[in-house]
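A.B. asks: Here you go, one structure.
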Amino acid sequence: MSGPIVIRSVKLTNILSHTQTYIEFPLGLTALVGPNGAGKSSIVDSIVYALFTHPQNIKSLRGGSKKSFLRLGTSTGSIEVELSIGGRKYVVYRVISATKSDEVFLYEVLEDGKRKLIASSIQQVLDSIKKLMSIPSADSVKYTIISRQNEIAELLNATPAVRKELILKLLGLEGLEQSKELLGQYLRDIEGKKIRFNEYRGRLEEIRKKINDVTTVIEKDKEELKRLEEEIRILMEKVGLYEKLLELLREYETLSKAIEIVNELKNIEQALPICKEILGISIDEYVTVMAMIKERKKDLEEAGRKLNELESRYRSWIQSVVKEVGIDVAEKDLQDISKVLEVLENFGREVEQKISLKQAEISMLRSSTSIVEISTKCPLCGRELDEDAKNRVLLDIKRRSDEIARDLKNLENIYTVVRKAIDEAKRFERSRLEILTRIDSDKKYLENYLRKFRELKDKVDKIVEKAEDLPIFSPCKGFRSGLEFLKCLNKLSIEYTKLYEEKKSVLKKILGKEVGIEEVISRFNKVKEEMKSMGFDVENIDVKSIEDEYRKFKLRVDEVREKLGKVRGRLESNAKLLDELIKEEKEVETMLTNISRDIQVYPILNTIVNTLLGKDGVLAKVLTLEARRLMEKYTNNILKELGMDFKVKISEDFDIDVYSSLGILDIKSLSGGETVALAIALRIALAYTIFGRLPGFFILDEPTQFLDVERRRAVFEIIKRLSEKVPQVIVVTHDQEVEELSDKVYFVSKEGGRSVVREKEKFVEVIARE
């Protein structure tokens, strides 16, 4: 991976005293300047927490808990750190909550600016960062590239023993001790296995002998199994034969009963079509038709009698009427009521005309009487009339009027008789027509019933003709009456139809299902043929002997099956035992092989455990020597780069001696700047030793704390020279002397209880406005 590891930016939301803070870190020296308590160190703590800290270890950071790490009054906050590693950009985004677990995401920023998720859990993200930055642990960062407040000289100020233990721990010396312990346990296990080796070998011989014995028993049981299986096959064939025979016998017995029913059904079947025809004739209809014929004939006779009586009365009446009114009518015309009515109507009109004339004459005579009474002249001739003549005329008019009145009364009496005769004649005609209509209707009904009777009789005659030839209808031959014969046939038809269904039901019950007659006969013949093909005569077969033979073979089958079960049980048990023995054999062989291999490597492993590994082993001594050499080499090189005129020598116990041109110096005699330079050199040398390369960034938090102005100036010049060797140096300080030496300056201040970060130029503008 080419290119250094640098921090590009950090963004804080509700972290410690920061509400919303965003800072970009360029290459070179970047200074975060501000008074104590402004929130400068919070930025460093946030970077350490986001990249290297598990929530369980937060006590080592400012506040000591997640709740105190958040801005006062808030329950959640976030830190976003952008890194450049080997020329590729990465972003760590961490959400901190006072009530639930952190949410952490590691993204790679692609060329198009989009983010690709790499890891999304706390441990995954922390492990991925260590892998990307090639660092063994978070502690290695604490003592190398990130110096938090009051920690810059922690390695330098430690006692030699603590320093040695810390450095070797960071280099992985604990792993050698852990490896020794693990391999030592393995070594002790091998020593125990050596003791058990002969035991396993004896056990293997026992197992192989048992395998041989069990295999022999299995082979014998297999032979016995084969013999018994052949015997059971032969027995099962015989049992199957007898089962088939007994099944056929049972079926033959059932079918024999069924055949008896079938023969009865066949006899009845011959008559069923005729029975159906007979039952198709309604006796009630037959009886009804005959009764209606009789009734209609009676009605016709009664109507004829009434018609004769009516005609007799009419003839007597009409003769008296003709005689009474004096009408001359021929005898033959008197029988025709319509002609009689016509004569009476004409005669009535003539009488009515005569009555009108008489009435007119009377009216004229009454008028003449009135005229004569008031006049002296005759109303007819106009001559003068004297009193006597007038009386004679009046008397003559009266006499004439009386004659006409008598004639008129006589005519009116005749007219009344004629009108009554006309009405009576009409009544006679209506009665006659009613009787004739009834007669005509009765004739039609009679004709219809006679037709139906003929149809029924034809049908009955045909059925009777068919039934006479069937024996089942012979009981009906003694009846002479057609109706009685038909009733007998109907009764027998019902009985035999019902009997047919009953027999079919019995047949179904016998066979257990509905089967056709022909199918029963076919199956009956087939059963006899099958039994014959098996060598048995169904007519002479001894069922008891067959059943005895069947039971004998069945008993023998049970005996053989019991033996088979025992043999199979032994085989299964021994096969299982053989599998277990073979499995145990393989396990013991594997153990012996492993033990043999372990015994072979024991001398080598013993040398590794007791000579090479452990904190006092050869590897630890070599590692310690090499670490001491590299630390010393890199520290002196860096001191030289920083312009220091002294060197250091690191002893086997990691004690640090300082040498100058004047001789050995006491560390405590070094100036503040020299002490800081040595502390920085030790950190970078340790980073070189652990990481195998120069760190890409270096963070120093308050490196000049408790130093005077002159010494602070010297320290900042050393830091400036450090920034010329390390790609990125970030220094946090309240000393403004660093401004002149820095490539980028941020001023951090507290405003309204929250931290505000501004670039130098913007900070100057704000100060100028104030």
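The values are calculated or read from the model by the stated rules, or taken from the named source; none is laboratory data. In this text the structure is predicted, and so the values were computed from the model without any measurement. Note that each Cβ is placed from the backbone with ideal geometry, even for glycine, and that neighbours are counted across all protein chains shown. SASA here: full protein model, heavy atoms, side chains in, ligands and nucleic acids out. Shrake-Rupley method; radii C 1.70, N 1.55, O 1.52, S 1.80 Å.
A.B. asks: Please work out which residue is modelled with the highest pLDDT, limiting yourself to segment 633-642 and to residues that are in a helix (DSSP H, G or I) and crowded, with 19+ Cβ neighbours inside 10 Å.
C.D. replies: Looking at residues that are in a helix (DSSP H, G or I) and crowded, with 19+ Cβ neighbours inside 10 Å, I get ASN636.
A.B. asks: Additional query: Any chance you could count how many residues in segment 459-484 are in contact (Cβ under 8 Å) with a residue 60 or more places away in the chain and not basic (Lys, Arg)?
C.D. replies: 7
A.B. asks: Please state which of the following conditions LYS615 fails to meet, knowing it meets all the rest: (1) surrounded by 15 or more Cβ atoms within 10 Å (Cβ to Cβ); (2) of a type in the set (D, E, K, R); (3) modelled with pLDDT of 85 or more.
C.D. replies: For LYS615, the failing item is (3).
A.B. asks: Turning to a different aspect of this structure: Looking at the structure I just gave you, is GLU751 modelled with pLDDT of 90 or more, within 21 Å of GLY39 (Cα to Cα) and not aliphatic (A, V, I, L, M)?
C.D. replies: yes
A.B. asks: Could you check how many residues of segment 704-732 are farther than 24 Å from SER134 by Cβ and open to solvent by 10 Å² or more (accessible area, probe 1.4 Å)?
C.D. replies: The total comes to 13.
A.B. asks: Taking segment 643-673 only, how many residues are closer than 21 Å to GLU717 by Cβ, open to solvent by 50 Å² or more (accessible area, probe 1.4 Å) and in contact with a Leu (Cβ under 9 Å, 6 or more places away or on another chain)?
C.D. replies: So the answer is 2.
A.B. asks: Kindly indicate the residue of segment 107-126 that is in a strand (DSSP E or B) and of a type in the set (Val, Ile, Thr) and also farthest from SER137 (Cα to Cα) among those meeting that condition.
C.D. replies: Ranking the candidates gives VAL109 first.
A.B. asks: Further, regarding this structure: Is segment 468-487 home to any residue that is exposed (fewer than 11 other Cβ atoms within 10 Å of the Cβ), more than 22 Å from TYR286 (Cβ to Cβ) and not basic (Lys, Arg)?
C.D. replies: yes
A.B. asks: Of all residues in segment 100-133, how many are surrounded by fewer than 14 Cβ atoms within 10 Å (Cβ to Cβ) and either in contact with a helix residue (DSSP H, G or I) (Cβ under 9 Å, 6 or more places away or on another chain) or closer than 30 Å to GLY172 by Cβ (or both)?
C.D. replies: Of the residues in that region, 5 qualify.
A.B. asks: Further question: Among the residues of segment 200-232 satisfying the criterion of being under 30 Å from ARG561 (Cβ atoms) and acidic (Asp, Glu), which is surrounded by the most Cβ atoms within 10 Å (Cβ to Cβ)?
C.D. replies: ASP221
A.B. asks: Looking at (1) in a helix (DSSP H, G or I); (2) under 30 Å from TYR252 (Cα atoms), which one does GLU514 not meet, given that it meets all the others?
C.D. replies: (1)
A.B. asks: Would you mind finding the one in TYR415, TYR449, TYR445, TYR500 that is modelled with pLDDT of 80 or more, of a type in the set (Phe, Trp, Tyr), in contact with a helix residue (DSSP H, G or I) (Cβ under 6 Å, 6 or more places away or on another chain) and open to solvent by 70 Å² or more (accessible area, probe 1.4 Å)?
C.D. replies: TYR445
A.B. asks: Within segment 692-715, track down each residue that is modelled with pLDDT of 80 or more and either of a type outside the set (D, E, K, R) or at positive phi (or both).
C.D. replies: Listed by number, the residues that qualify are PRO695, GLY696, PHE697, PHE698, ILE699, LEU700, GLU702, PRO703, THR704, ALA714, VAL715.
A.B. asks: Could you identify the single residue in LYS323, LYS257, LYS294 that is in a helix (DSSP H, G or I), under 30 Å from PHE347 (Cα atoms) and open to solvent by 70 Å² or more (accessible area, probe 1.4 Å)?
C.D. replies: Details: LYS257 fails: under 30 Å from PHE347 (Cα atoms); LYS294 fails: under 30 Å from PHE347 (Cα atoms).
Going through LYS323, LYS257, LYS294 in turn, the sole match is LYS323.
A.B. asks: Give me the pairs, please: first residue somewhere in segment 586-607 and within 19 Å of ARG203 (Cα to Cα) and open to solvent by 80 Å² or more (accessible area, probe 1.4 Å), second residue anywhere and modelled with pLDDT under 80 and of a type in the set (Ser, Thr, Tyr), beta-carbon distance under 7 Å, and either six or more positions apart or on two chains.
C.D. replies: none
A.B. asks: Take the conditions closer than 30 Å to VAL322 by Cα, of a type in the set (Phe, Trp, Tyr) and either touching an Asp or Glu at 6+ places or on another chain (Cβ under 8 Å) or surrounded by 15 or more Cβ atoms within 10 Å (Cβ to Cβ) (or both) and apply them to PHE428. Does it pass?
C.D. replies: Here the answer is yes, as PHE428 does meet what is asked.
A.B. asks: Please state which one of ARG392, ARG399 is assigned to a helix (DSSP H, G or I), surrounded by fewer than 15 Cβ atoms within 10 Å (Cβ to Cβ) and at pLDDT below 85.
C.D. replies: After applying the criteria, what remains is ARG392.
A.B. asks: Further question on the same structure: Scan segment 85-99 for residues that are polar (S, T, N, Q) and open to solvent by 20 Å² or more (accessible area, probe 1.4 Å) and report the count.
C.D. replies: 1
A.B. asks: Give segment 11-22 a look and list any residue that's crowded, with 22+ Cβ neighbours inside 10 Å and either in contact with a Phe, Trp or Tyr (Cβ under 7 Å, 6 or more places away or on another chain) or among the hydrophobic types (A, V, I, L, M, F, W, C) (or both), or say none.
C.D. replies: LEU12, ILE15, LEU16, listed by residue number.
Residues are listed down the side, and each one gets a yes or a no for (1) within 60 Å of the chain's Cα centre (by Cα); (2) in contact (Cβ under 8 Å) with a residue 60 or more places away in the chain; (3) closer than 30 Å to LYS323 by Cα:
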{"site": "LEU395", "(1), (2), (3)": "no, no, no"}
{"site": "SER401", "(1), (2), (3)": "no, no, yes"}
{"site": "THR416", "(1), (2), (3)": "no, no, yes"}
{"site": "LEU436", "(1), (2), (3)": "no, yes, yes"}
{"site": "LYS457", "(1), (2), (3)": "no, no, no"}
{"site": "LEU486", "(1), (2), (3)": "no, yes, no"}
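A.B. asks: Ok, one more. Among the residues of segment 188-199, write down those that are open to solvent by 80 Å² or more (accessible area, probe 1.4 Å) and either among the polar types (S, T, N, Q) or touching a Phe, Trp or Tyr at 6+ places or on another chain (Cβ under 7 Å) (or both).
C.D. replies: ASN198
A.B. asks: Search segment 290-306 for residues that are more than 28 Å from LEU486 (Cβ to Cβ) and pair each with any residue that is assigned to a helix (DSSP H, G or I) and of a type outside the set (A, V, I, L, M, F, W, C) when their beta-carbon atoms are under 9 Å apart and the residues are at least 6 apart or on different chains.
C.D. replies: ALA303/ARG438; ALA303/ASP442; LYS306/SER431; LYS306/ARG438
A.B. asks: A further question follows. Would a scan of segment 58-80 turn up a residue that is part of a helix (DSSP H, G or I), closer than 16 Å to ARG148 by Cβ and either open to solvent by 20 Å² or more (accessible area, probe 1.4 Å) or modelled with pLDDT of 95 or more (or both)?
C.D. replies: There is at least one residue in segment 58-80 that is part of a helix (DSSP H, G or I), closer than 16 Å to ARG148 by Cβ and either open to solvent by 20 Å² or more (accessible area, probe 1.4 Å) or modelled with pLDDT of 95 or more (or both).
A.B. asks: Please specify each residue of segment 140-186 satisfying the condition of being at pLDDT 75 or above, open to solvent by less than 40 Å² (accessible area, probe 1.4 Å) and hydrophobic (A, V, I, L, M, F, W, C).
C.D. replies: VAL141, ILE145, ILE146, ILE152, ALA153, LEU155, LEU156, ALA158, LEU166, ILE167, LEU168, LEU170
A.B. asks: Being at pLDDT 85 or above, in contact with a Leu (Cβ under 9 Å, 6 or more places away or on another chain) and not hydroxyl-bearing (Ser, Thr, Tyr) is the filter here, so list the residues in segment 110-139 that pass it.
C.D. replies: LYS116, LEU117, ILE118, ALA119, GLN124, VAL125, LEU126, ILE129, LEU132, MET133
A.B. asks: Further, regarding this structure: If we scan segment 459-480, do we find a residue that is closer than 30 Å to LEU300 by Cα and not in a helix (DSSP H, G or I)? Break it down stepwise before answering.
C.D. replies: As a first pass, look at segment 459-480 and keep what is closer than 30 Å to LEU300 by Cα: 459-461, 480.
Filter again for not in a helix (DSSP H, G or I), leaving 480.
Yes: segment 459-480 contains one or more residues that are closer than 30 Å to LEU300 by Cα and not in a helix (DSSP H, G or I).
A.B. asks: Report every pair of residues separated by at least 6 positions or lying on different chains whose Cβ atoms are under 9 Å apart, first residue within segment 531-556 and on the phi > 0 side of the Ramachandran plot and outside any helix (DSSP H, G or I), second open to solvent by less than 70 Å² (accessible area, probe 1.4 Å) and among the acidic types (Asp, Glu).
C.D. replies: Partner pairs satisfying both residue conditions: none exist.
A.B. asks: Is there any pair with a first residue in segment 120-142 that is under 10 Å from PHE52 (Cα atoms) and a second that is of a type in the set (A, V, I, L, M, F, W, C) and in a helix (DSSP H, G or I) whose Cβ atoms are under 6 Å apart and which are 6 or more apart or on different chains, and what are they?
C.D. replies: ILE129/LEU51; ALA138/PHE52; VAL141/PHE52
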